[in-house]
Every structure is written in C-alpha cells, then in structure tokens.
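Trainee: Let me begin by handing over the structure; questions about it come next.
No value in this document is a laboratory result; all are computed from the given coordinates. These numbers come from a predicted model, not from an experiment. Cβ: placed from backbone, ideal geometry, glycine included. Neighbour counts: every protein chain shown.
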Amino acid sequence: MPKITQVIKRSGAVVPFNPDRIANAIYRAAVAVGGRDRKRAEWLTEQIVQHLETTTPEGQTPHIEMIQDAVEKVLIENGHAKTAKAYILYREERDRRRREEGTWLSKPSENVPWAKTWQILNWAVSHELHTIEALNQRILRGEFPQIVHESEEAYERDVNVATDIVAEQRNDLKIVLISGPSSSGKTTTTIKLEERLCGRGMCFKALNVDNYFFDLEMHPIDEFGDYDFETPQALDLPLINEHLKRLSEGEEVSIPFYDFKTGKRHLDRTPLKLQEEEILLIDSLHGLYPAMTKDIPNEMKFKLYLEPLMQMKGPDDRYIRWTDLRLIRRMLRDDVHRAYNPQQTLEHWHYVRSSELRNIIPYISTADHIINSAMPYEIAIYRPKLIDRFAEWATMYKQDPLREDAHIRAARIHKLLQAVEPVEDDSPIPSDSVLREFIGGSSLEY
C-alpha cells in the first residue's frame, strides 16, 4: 500500500492520490516538446512517488503544490529539461489565470479582438440584442423570426467580406486556412466560403488534417480513460508542414489515412497535387498554430479565424462566455453525429478549453480576417433542449472535487438558460445556417 493516499487541492478539497494523474501530466508535457515515451513517464512517476513518500512527514497529507514541486525536481534530475520546462510553463500559466480570474485587468488582453467585439456590441445594441432581458422582450413581442433574419444577415456579411479579401489575393495564395476553437462553425463557413469563391472562378482542393493524427496509443490519456485530441501535438505537425510546403511548390505528396475505428494512422495512402490555379482549403482547429505552416511564406496563405463573439449580458450582468456557447453546440452535434453523449462532452471540455487557451487563442492576432459565428437567438433554442440536463449536472457534480470544472460550467450555463425565454420552434432558422451544423436539419453536406 502506498504511504500517500490523499492530496489537498488548491480549493482545500481532499481527494484520493492518483499517481496516474502525475504520469499523464508528465506525458502531456513530453508530447508538447515532441516526446512520445509513455513508459518513461510512468517510470518517472514511480520516482516521484518514492520521493514524496520519503519526504512527506508521517500522517501528513501533501498539498498539490508540493507534488508539482516534486515533479519538477525529478524531471530535471533525470535529464528531462525540455519536459520540465513545458511542465513549469504550463503550471505558471495556470497559476496566472487563477490569479486573474474574476478581476479586472488594467491592461487589455491581447488575445481578444477588441475592434471586432466593439463592432459586434454596437450592432447588438442597435438591434436590442445586447442583454438577455432585451432578447426576451423581442421574443415575447413575437419577433423571433426577425431576430433570426438579422443575425443570419450579419454573419453572411462577414463571410462576404472574407470572400472579397481572398479573391483579391488569388494570384498569390496557395493555402486558405479556416481556423478557430471547437464548435465555432468552421465546417459550415468553409462550405459557404468555397461556394462563393468557386462562383468567382477559383478552384480548391480540400485537405483533412485529421489524417495526420498520431496513433491513439501515443495520445495522452487521463485516469478516466479520456484521450486528449485537442492539443496540436496530437497531430504530426512536421509532416503537415512538409506536405504543405511541397504542395505549395507544385509537388505531389502522399496523404496518410487515419482510421478512427482502430486509432491507427496509415502513411502514403492518397496522392495529392495542386494544379496551376488550385488553392488548398484547410479546415482545422490549429490553422493559426505556427508549427503547422512555418515554412509557408505568409503571402501564400490566408488565415481566417472564427469565434461566436456574442456581445450579450447574462443574468449576472456579465457578458455570456463564448466558450459556453461552443460547449452547448458541441454537446448537440456530438450527441447526434459522433455517438458522444452530452455528459461526456462536459467532462471532456476542460481539455478543450485548456488547449484553446494555450494553442489557439494566443494566435488570434495573426489572423487575416475574423468572422463572428454567434447567433444572438441561439440561447433561446438551447433552453428547451438542455436546461434539464444542466440542472442535473450542476447537482451531480457539486460534491465531486474531481469534477470541479464540470460543476462550475454546468451551474453557470443552467443559470444562463433559466434567464432566457425558450423557443421550441426552430423553423425560422435557415436550412443552411451555421447553427444547423449543431442542432441538425442542415441542407448542406458535411
């Protein structure tokens, strides 16, 4: 029996001590710097546990900070400086975000597209959609179809602007990257953008970067058996970059195939070459991540970023969080199309959000154009679909310190949905709406 059986979290909660969490954290840090040796991570964990059992006084429960200090010490002493650095940087970033949570910073974040959000807020105020109370009043006046029309029109204008910019640069471009965090509407927007550009005589070939996933056994996994596909290091970034460079130079490459049923990648499966006037179209979470396209000259690539940048105040007089909208969207989509129930999506979301904050959000400023995919009416549609489930989850996870993230999100979204007028009839929503990607009924082929 191990000497240490419990650990004290930062919140003060006492939870079971699970060495697998340490091994997973080490492996995730190793993956971030190109390592893939899970056995080594497990061996290092054994050294850390031995160190903790030797240094922890009899009868004392170690604090999480003490355990993390031990991880850093053992990594460095065993010659894993790069992994230790990745682990330390991630730890410091988490600590910084905790200190800033709930506070107003004197310096605006560089990760927020302020000019774009101001335009959206101005639009929301002029359309009486800047607060849930204002939205409710319009719904109660029978204006839901008009709200849908106004919201869809604003999104379509954004897509048209992106179309104009790409068309103007057509002679130099070789790659168009449509990027953004999970459930931001990339698939629908990619289809719409391609349709418009093809109408202007431009030709595209699509590249699915999911085929560049490493084998499933090489992905980090937590103590609940949940794999982390959200990090860019889940993809073979050097191979993607190599293929993109060669394609942009007119060469032919052999694209791999990833079998999601077996979790295995098969190399050199499909030949691909760009013809003289063809442009590569890529829909990817990590299209802005530098390593994916580092050898492609900037003038050859156009980077489009999507996010539901809703500017609407909720019941607590704070703006609705974009990540909460995307969580709901992913719940609905995964439940229908990926046999992944909403509760699993909620429990996995901390991986999604953690990767976004480290690997997507910091690169927003490198985008050439930003599209707002939020529909101010969408929360009214979500209420009847999920409010009971969020109430259930908020209660279920309340006393579970290992699911603290799930509880916080569930309680916050339940409060949000309680405040909005429900709309059951989604018939006013166009069949090609970006929202149909998530609620179903789309006329587009995904």
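Trainee: Which of the aspartates and glutamates could a cross-linker bridge to LYS273, judged by Cα under 16 Å and excluding same-chain residues fewer than eight apart?
Mentor: GLU242, GLU249, GLU251, GLU252
Trainee: May I ask you to order 253-265, 142-154 by the average number of other C-beta atoms within 10 Å around their residues, highest value first?
Mentor: Top of the packing list down: 142-154, 253-265.
Trainee: What does the charge count near TRP123 come to, summing +1 for each Lys or Arg and -1 for each Asp or Glu among other residues with Cβ under 14 Å from its Cβ? It would help to have the intermediate numbers written out before the result.
Mentor: Details: positive: LYS116, ARG157; negative: GLU128, GLU150, GLU152, GLU153, GLU156, ASP158.
Within the 14 Å Cβ shell, the charges total -4.
Trainee: Still on this model: Binned at 5 Å from 0, what are the whole-percent values of the Cα-Cα distance distribution for the stretch 186-328, short to long?
Mentor: Taking every Cα pair in the stretch 186-328, the percentages come to 2, 8, 15, 17, 18, 15, 11, 7, 4, 2, 1, 0.
Trainee: Estimate the FRET efficiency between GLN169 and SER11 by the formula 1/(1 + (r/R0)^6), using the beta-carbon distance for r and 56 Å for R0, to the nearest 0.05.
Mentor: Working from the Cβ atoms, E equals 0.65.
Trainee: Excluding ARG141 itself, what net charge comes from residues whose Cβ is under 15 Å from its Cβ, given Lys and Arg +1 and Asp and Glu -1? Intermediate values should be presented prior to the final figure.
Mentor: On the way: positive: ARG138; negative: GLU128, GLU133, GLU143, GLU150, GLU421.
Value of the local net charge: -4.
Trainee: In the chain, what % of DSSP beta bridges are antiparallel (nearest 5)?
Mentor: The answer is about 40 percent antiparallel.
Trainee: A follow-up question, please. How much net charge surrounds THR163 when only other residues with a Cβ under 12 Å from its Cβ are counted (Lys, Arg +1; Asp, Glu -1)? Don't jump to the answer; show the numbers that get you there.
Mentor: Working: positive: ARG157, ARG170, LYS192, ARG196, ARG200; negative: GLU156, ASP158, ASP164, GLU168, GLU194, GLU195.
So the environment of THR163 carries a net charge of -1.
Trainee: Same structure again: Can you run phi through the Karplus equation (6.51, -1.76, 1.60; θ = phi - 60°) for the stretch 6-22 and list ³J(HN,Hα) in whole Hz, with x for Gly and Pro?
Mentor: Couplings: 9, 9, 9, 7, 5, 6, x, 5, 9, 10, x, 7, 10, x, 4, 5, 5 Hz.
Trainee: Using a 7 Å offset from the Cα along the Cα-to-Cβ direction at both GLU276 and SER443, what is the distance between the two label points in nm, to one decimal?
Mentor: Taking the simple label geometry, GLU276 and SER443 are separated by 3.7 nm.
Trainee: Next question. Between TRP43 and ALA291, what is the label-point separation in nm under the 7 Å Cα-to-beta-carbon projection?
Mentor: Each label point lies 7 Å from its Cα, and together they span 2.3 nm.
Trainee: Would you mind calculating the gained length between ARG269 and GLU53 on full extension (0.36 nm times residue separation, minus the Cα-Cα distance), in nm to one decimal?
Mentor: 72.7 nm
Trainee: I need the peptides 61-68, 198-205 ranked by packing, meaning the mean over residues of other C-beta atoms within 10 angstrom, with the highest value on top.
Mentor: Result, highest mean Cβ count within 10 Å first: 61-68, 198-205.
Trainee: In nanometres, what is the gap between the two model label sites at GLU251 and ASP20, each 7 Å from Cα along Cα-to-Cβ?
Mentor: Calculated label separation equals 4.3 nm.
Trainee: Hey, another quick one. Show which lysines lie in cross-link reach of LYS116 when reach means a straight Cα distance below 26 angstrom and same-chain residues fewer than eight apart are skipped.
Mentor: Qualifying lysines at Cα under 26 Å: LYS107, LYS186, LYS192, LYS301, LYS303, LYS313.
Trainee: Normalised by the residues of the chain, what does the relative contact order come to in percent, with Cα pairs under 8 Å and at least six apart?
Mentor: Relative contact order for the chain comes out at 18 percent.
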